[in-house]
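Colleague: There's a structure below that I have some questions on.
The values are calculated or read from the model by the stated rules, or taken from the named source; none is laboratory data. Just so you know, these numbers come straight off a predicted model, no measurement behind them. A quick note on method: Cβ atoms are made from the backbone with ideal geometry, for glycine too, and the neighbour counts reach across all protein chains shown.
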Amino acid sequence: MRTKLLLLTACCALLVPAASAAAASTRSHRPPPPPCAVKGSVTVAQNVQARVYVRSQRADADQHLLIGCLLHSGQRVQLASWFSCGCSRGDESAPQVWLRERIVALNRYGCSPDPTSPLDCTGSARTVSLRTGETLRRANTGTSVGALVQGPRGSFAYVSSAGAVLKSDADGEGVLLDMGPGIDPASLAVAGVHVYWMHGALPVAASLRP
């Protein structure tokens with residue numbers, strides 16, 4: 001009986017290290033998290049090449065960061081930051097964001113918190129390469145925009161809050177393409193170097209020069 005007990009104790013002693021080693025091996029072979037996965041972040045745009053997300057700044061939940069990340073490498077570019085606590089008239093608006101391949105377009109805008117100056121607004125759009133962090137094109141939008149589409153190499157066209165169609169490309173920043181009542185922001189589209197929209201019942205097109 002004593003011999004059997006000794007054998008059982010020896011077997012248990014051998015099994016415990018083996019189980020611990022197996023558990024450690026399982027932990028070491030767990031796949032790493034995806035390159036652009038960040039705990040607590042919220043995706044605002046994503047495609048097969050990149051993810052754009054918002055997260056709070058460390059130690060300051062009211063300060064928000066907009067980050068663009070390349071999925072194959074995990075390379076990150078900080079695109080914008082703003083304050084918003086949901087508790088004051090001084091809260092800043094989150095940027096409008098559009099993503100094409102590895103280029104992000106964003107429009108930063110805001111209006112004065114002063115109730116006596118409700119129309120005192122500003123806005124600025126730009127396209128940014130997530131590969132280099134370089135700003136490619138800019139435009140002074142004045143406030144939020146109704147629609148935006150990207151063409152090649154960071155060129156873009158947009159419908160302003162006033163209903164005008166403008167572009168930023170090799171021809172310049174904020175080049176006026178069309179204006180007047182009847183422009184449908186939802187109709188703005190791009191194919192190659194051409195941008196299209198509807199002005200009433202009339203289809204209109206223009207070129208984007210990279």
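Colleague: Of everything in the stretch 112-156, what is of a type in the set (A, V, I, L, M, F, W, C) and in contact with a Ser or Thr (Cβ under 8 Å, 6 or more places away or on another chain)? Give them in sequence order. Please lay out each step first, then the result.
Modeller: So the first thing to find is which residues in the stretch 112-156 are of a type in the set (A, V, I, L, M, F, W, C), and the list is 119, 121, 125, 128, 130, 136, 139, 145, 147-149, 156.
C121, A125, V128, L136, A139, V145, F156 - these are the residues of the stretch 112-156 that are of a type in the set (A, V, I, L, M, F, W, C) and in contact with a Ser or Thr (Cβ under 8 Å, 6 or more places away or on another chain).
Colleague: Name, by its number, the condition in (1) over 18 Å from A45 (Cβ atoms); (2) touching a residue at least 24 places away in the same chain (Cβ under 8 Å); (3) touching a Leu at 6+ places or on another chain (Cβ under 6 Å) that does not hold for P152.
Modeller: For P152, the exception is condition (3).
Colleague: I'd like the full set of residues that are touching an Asp or Glu at 6+ places or on another chain (Cβ under 9 Å) and either in a loop (DSSP other than H, G, I, E, B) or farther than 20 Å from D91 by Cα (or both), limited to the stretch 49-66.
Modeller: Q49, A50
Colleague: What number goes with the only condition from (1) at pLDDT 95 or above; (2) part of a loop (DSSP other than H, G, I, E, B) that R108 does not pass?
Modeller: Checking R108 against (1) at pLDDT 95 or above; (2) part of a loop (DSSP other than H, G, I, E, B), the one that fails is (2).
Colleague: Also, I was wondering about something else. Being polar (S, T, N, Q) and either more than 13 Å from V38 (Cα to Cα) or surrounded by 13 or more Cβ atoms within 10 Å (Cβ to Cβ) (or both) is the filter here, so list the residues in the stretch 48-82 that pass it.
Modeller: Let us first name the residues in the stretch 48-82 that are polar (S, T, N, Q), namely 49, 56-57, 63, 73, 75, 78, 81.
Across the stretch 48-82, the qualifying residues are Q49, S56, Q63, S73, Q75, Q78, S81.
Colleague: Would you call G151 in contact with a His (Cβ under 9 Å, 6 or more places away or on another chain) and exposed (fewer than 15 other Cβ atoms within 10 Å of the Cβ)?
Modeller: It is false that G151 is in contact with a His (Cβ under 9 Å, 6 or more places away or on another chain) and exposed (fewer than 15 other Cβ atoms within 10 Å of the Cβ).
Colleague: Also, I was wondering about something else. Condition first: within 26 Å of R131 (Cβ to Cβ) and in a loop (DSSP other than H, G, I, E, B). Now tell me which residues in the stretch 150-167 satisfy that.
Modeller: G151, S155
Colleague: Next question. Looking only at the stretch 168-202, filter to residues that are assigned to a strand (DSSP E or B) and of a type in the set (D, E); which one of those is farthest from S144 (Cα to Cα)?
Modeller: Per the stated criteria, the residue is D169.
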